[in-house]
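Just below is one structure, and these are the notes that go with it.
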Amino acid sequence: MPHVPTGAPAGFVEYVYRKTFTVPFPSGQVWAWLNNPATFTEGQVWPFRVEFVGGGFEPGVLNVHHGPFMLFAGVIGEVREGEYRDLRYFYGSYALSPRFARPTRLQFWTRSVPEGTEVSLRVDSLVRRRFRGLWDAGQDLFWCRFPRWMASALGEG
């Protein structure tokens, strides 16, 4: 049974989404792409937008990803060069409506493997208990394109 965190709205549970994939590029190249604000600010389709206040992917920099039916506002937390990045979302961030899903954290890890670079991500959210299945399907749909987007941007057709 999912854990109900202290302070969560009634009917919400913790939800963790994980994805790991490998791309055939050196870890330095993958890390540079993943930690370039332009990767996220210039690739957005209108009316969605990503903004940074005070820098890029450095601790303490404010970040917001917004558009219709979503607001993911947060602050960059720990960054370990070449291996880990943390983004903690503020209370009030939501997807579709604050009544359904509230992301709380986004983390990325990278590591060199013989085939190139392994990328792992984790999205933590508070989700209305009955909405979990739909939220999971939405995460699968959104993140399934991420490895292809990365490979295309890094030079693999």
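The values are calculated or read from the model by the stated rules, or taken from the named source; none is laboratory data. As the structure is a computational prediction, the values presented were derived from the model and not from experiment. When we count neighbours, we look across all protein chains shown, and the Cβ atoms used for this are built from the backbone with ideal geometry, even at glycine. Note: accessible area is taken over every heavy atom of the protein model, side chains too, but ligands, DNA and RNA are not part of it. Shrake-Rupley method; radii C 1.70, N 1.55, O 1.52, S 1.80 Å.
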(request) Just need the relative contact order of segment 12-156 here, percent rounded to a whole number, with Cα pairs under 8 Å and 6+ apart. (result) 28 percent
(request) Would you mind getting the accessible area per residue of the chain, heavy atoms of the protein chains only, 1.4 Å probe, in Å²? (result) 55 Å²
(message) How large is log10 of I(q)/I(0) for the chain at q = 0.13 Å⁻¹ when the intensity is taken from the Debye formula with one equal scatterer per alpha-carbon?
(response) -0.63
(message) Please give the charge dipole size of the chain, origin at the Cα centre, charges +1 on K and R Cβ atoms and -1 on D and E Cβ atoms. Round to the nearest 20 debye.
(response) 720 debye
(message) Tell me the carbon and sulfur percent of the accessible area for segment 73-157, rounded to whole percent, probe radius 1.4 Å.
(response) 53 percent
(request) Starting from segment 1-94, pick out the GluC sites (Glu not before Pro) whose DSSP state is loop and whose Cβ has at most 14 other Cβ atoms within 10 Å. (result) Glu42, Glu81, Glu83
(message) Given points 7 Å out from each Cα along the Cα-Cβ axis, report the Ser152 to Gln44 separation in nanometres with one decimal.
(response) 1.9 nm
(request) Using the Karplus curve 6.51 cos²θ - 1.76 cosθ + 1.60 with θ = phi - 60°, work out ³J(HN,Hα) for each residue of segment 44-58 in order, rounded to whole Hz, and write x for Gly and Pro. (result) 7, 8, 4, x, 7, 8, 10, 10, 10, 10, x, x, x, 8, 10
